[in-house]
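Peer 1: Got a structure for you, written out below as structure tokens; questions coming shortly.
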Amino acid sequence: MRLDKYLKVSRLIKRRTLAKQIADKGRIEVNDRTAKSATEVKVGDQITIHYGDRTVRIKVLALNLIAKKNEAQDLYQRLD
């Protein structure tokens with residue numbers, strides 16, 4: 001699954017276009033490598049998102065094309 005799609009489905013970022021913009025600015029890393037929006041995400045990958053002064057680290061637990069609001073948090077585990 002594409003990184004921007006995963007971030008939107010998991011509700012870590014509200015809109016896919018915003019996820020794409022953040023990734024294209026080099027503020028997202030997958031497995032400690034700077035990632036673009038089209039980077040393929042797999043179960044077990046670690047994603048780091050730099051939001052200004054804050055950094056969020058997660059581990060991918062599942063990939064779903066659609067996730068309801070209450071299911072979105074089951075797609076990842078926070079590592080902070």
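The values are calculated or read from the model by the stated rules, or taken from the named source; none is laboratory data. Only a predicted model underlies this, so the values are computations on that prediction, with no experimental measurement involved. Positions of Cβ are backbone-derived with ideal geometry, glycine not excepted, and every protein chain shown enters the neighbour counts.
Peer 1: Could you check the stretch 6-20 and list, in sequence order, the residues that are more than 8 Å from the chain's Cα centre (by Cα) and charged (D, E, K, R)?
Peer 2: 11, 14, 15, 16, 20
Peer 1: Among the residues of the stretch 59-72, is there at least one that is touching a Leu at 6+ places or on another chain (Cβ under 7 Å), part of a loop (DSSP other than H, G, I, E, B) and either at positive phi or among the small types (Gly, Ala, Ser) (or both)?
Peer 2: Yes: the stretch 59-72 contains one or more residues that are touching a Leu at 6+ places or on another chain (Cβ under 7 Å), part of a loop (DSSP other than H, G, I, E, B) and either at positive phi or among the small types (Gly, Ala, Ser) (or both).
Peer 1: Quick one: count up the residues across the stretch 1-45 that are surrounded by 15 or more Cβ atoms within 10 Å (Cβ to Cβ), among the small types (Gly, Ala, Ser) and under 17 Å from residue 65 (Cα atoms).
Peer 2: 3
Peer 1: Sticking with this one: Test residue 3 against the criterion of being at pLDDT 95 or above and not hydroxyl-bearing (Ser, Thr, Tyr), and give yes or no.
Peer 2: Considered against the rule, which asks whether it is at pLDDT 95 or above and not hydroxyl-bearing (Ser, Thr, Tyr), residue 3 comes out as yes.
Peer 1: Quickly run through the stretch 28-55 and pick out the residues that are part of a strand (DSSP E or B) and within 10 Å of the chain's Cα centre (by Cα).
Peer 2: 28, 29, 30, 46, 47, 48, 49
Peer 1: So which residues in the stretch 60-72 are touching a strand residue (DSSP E or B) at 6+ places or on another chain (Cβ under 9 Å) and closer than 14 Å to residue 40 by Cα, if there are any at all?
Peer 2: Listed by number, the residues that qualify are 60, 62.
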